[in-house]
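The values are calculated or read from the model by the stated rules, or taken from the named source; none is laboratory data. From a predicted model like this one, the values you see are computed outputs, not experimental measurements. Neighbour counts run over all protein chains shown; Cβ positions are idealised from the backbone, glycine included. Only protein heavy atoms, including side chains, enter the accessible area calculation; ligands, DNA and RNA are left aside. Shrake-Rupley method; radii C 1.70, N 1.55, O 1.52, S 1.80 Å.
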Amino acid sequence: PNDERLVSKSVGNNEDNRFLIIANADGTAARAVEELGSNQDKVHVSWSPNNQIIAYGFTGEPIGGDRQAVVMVGQNQENFKNLIVEGRGFVPNWSPSGQNILYSVYNSSDGYRPTLWISGAAGDTINANRRNLNLQTWADKCVWQSEQIVYCAVPSNLGTGAGLQRELFTDTQDAIYKIDLRSGSLTNLGQPDGAPSVNQLVLGPDNRSLFFTDQGSGKLIRYSLE
């Protein structure tokens with residue numbers, strides 16, 4: 001989060017030479033954190049802003065139905081709780097403090113469409129206050145303004161199975177929503193001019209604008225929040 005260190009996977013040809021590692025930004029002082037073995041494709045790097053979590057994996061015991069345990073991996077082999085999610089296709093988005101995590105998953109009850117959830121994500125608060133936000137989009141189409149306010153690009157039409165084949169819905173027109181996590185309110189701010197498909201949503205430094213690229217045209221677009 002502060003650009004000083006990196007987390008990555010070092011994957012050798014042999015299973016006994018595959019590790020999750022951290023290193024300085026220039027590649028020096030590399031240190032193995034966890035052995036990956038045959039699970040290298042089940043582990044994904046994601047360094048939390050509070051430095052507690054550096055990766056997550058789908059290596060936990062099955063828990064049945066649409067539920068899944070996401071293993072949270074720390075820097076020093078900490079025994080963190082698993083994050084229990086109600087579906088597959090987990091896409092995370094850390095809050096600015098790292099205390100909470102916004103994520104999307106899909107399951108059969110939602111027609112395998114990605115749905116947003118929020119949960120505590122630090123230490124003993126993992127799984128605390130976990131709830132469905134009732135908004136169908138991917139978590140990486142969202143950006144945090146604060147621990148309370150999130151903006152998301154929400155596709156206007158997601159067909160059954162969108163979570164299974166995301167690449168088929170990359171040109172879907174998006175509307176911008178504001179989520180107040182404290183009250184639970186969802187506010188549709190409207191569709192940006194030109195009906196773009198939002199990619200790489202970023203909040204401007206003055207919190208008055210959103211910036212993103214249109215996946216169809218490749219143009220950089222500014223969307224005013226005022």
- Item | Projected label distance in nm at D66 and D171, using a 7 Å step from Cα toward the beta-carbon | 3.0 nm
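So for the chain, if I pair up every lysine 8 or more residues apart or on another chain, how many of those pairs have alpha-carbons under 21 Å apart? Intermediate results must be reported in sequence, preceding the final value.
Working: K9/K42; K42/K81; K141/K178; K141/K219.
Counting lysine pairs in the chain gives 4.
State the extension gain, in nm to one decimal, for the chain segment bounded by F58 and A29, taking 0.36 nm per residue of separation less the distance between their alpha-carbons.
Numbers: separation 29, 0.36 × 29 = 10.44 nm, distance 2.77 nm.
Separation in residues times 0.36 nm, less the Cα-Cα distance, equals 7.7 nm.
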- With label points built 7 Å along Cα→Cβ from the Cα atoms of K178 and F211, find their separation and express it in nm. 2.1 nm
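State in Å² the accessible area per residue of the range 1-153; use a 1.4 Å probe, count heavy atoms of protein chains only, and round to the nearest integer.
Working: 7250 Å² over 153 residues.
Result: 47 Å² of accessible area for each residue.
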- Note on the structure: Taking protein heavy atoms only, a 1.4 Å probe, and rounding to whole percent, the accessible area of the chain owed to carbon and sulfur comes out at 42 percent
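If I stretch the segment between N157 and R222 completely, what's the gain in nm (0.36 nm per residue apart, minus their alpha carbon distance), one decimal? Write down the numbers at each step before the final one.
On the way: separation 65, 0.36 × 65 = 23.40 nm, distance 2.27 nm.
Stretched fully, the N157-R222 segment lengthens by 21.1 nm.
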- Note on the structure: What the Cα atoms of the chain span along the principal axes, largest first and in whole Å, is 52, 42, 35
- Item | L189 long-range amide H proximity, modeled H, under 5 Å | I176, Y177, K178
- Message: I'd like the distance separating the alpha-carbon centroids of the range 84-140 and the range 172-199, in whole Å.
- Response: 18 Å
